[in-house]
Amino acid sequence: MADIRNFVGFSQTETLVKEYDGLRMYSPVRAKIGIAVTTKRLIAYSNTKSFFDQRSESFYQQVNIADIKGIGVVQSSRYRPGVLAGGIVILLIGIVATVVGLSGNTLLYFGGIAGAVLGIVLAITGTLWKKPVFRFEIRGDSGAYSLGEFGNIQPAVTAGPDMLKIVEELGALIIEVQDGTLFSGQ
């Protein structure tokens, strides 16, 4: 993850306290999300480039440390729409092949039945085999700030390599910065 000081300006009295490589967003865009705590702000950021598309996509949100009243990580699960859609398509093709196979083509008939069964299995798998999704929320004086809020779209965010450290340290770190004491953890 790139150092936040490479693309976000700091005030003269602001210093970086700690950075985390904590989250992965996969919807509406794919990105690694870093979280940085400074003496003045909590900043969520990402600056990504694709190997095939060299355009840079940036993501940046900030909240004043003084405005933060709480932080929450909401865990839920999400069905797998690609597997579900594929199962439905295969099921429909299987039904059509079975109906056409009833005219006397036994290969098409049995292939259609197999396709319909496979489609049902895939549709059930897509519905029941859920992917865990996290939403990182920052509660403040004026409500909750959802990390990566794009209008009415709620982003799909998953845990990254530092997620456990974020859960363990971030609340205490913010309290210590708000109180003016130094954070001693690493």
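The values are calculated or read from the model by the stated rules, or taken from the named source; none is laboratory data. This one's a predicted model, so the numbers in the text were calculated from it and none came from an experiment. Note that each Cβ is placed from the backbone with ideal geometry, even for glycine, and that neighbours are counted across all protein chains shown.
No other residue among K49, K40, K18 is within 24 Å of the chain's Cα centre (by Cα) and either crowded, with 17+ Cβ neighbours inside 10 Å or modelled with pLDDT of 85 or more (or both) apart from K18.
If the condition is being small (G, A, S), loosely packed, with under 14 Cβ neighbours inside 10 Å and modelled with pLDDT under 65, then the range 125-159 contributes only G151. Out of L118, L122, L170, L164, one residue alone is exposed (fewer than 12 other Cβ atoms within 10 Å of the Cβ), part of a helix (DSSP H, G or I) and at pLDDT 75 or above. It is L164. Right, G94: at pLDDT 85 or above and either surrounded by 12 or more Cβ atoms within 10 Å (Cβ to Cβ) or assigned by TED's automatic domain parsing to the domain that holds L42 (or both) or not? For G94, the condition - at pLDDT 85 or above and either surrounded by 12 or more Cβ atoms within 10 Å (Cβ to Cβ) or assigned by TED's automatic domain parsing to the domain that holds L42 (or both) - is met.
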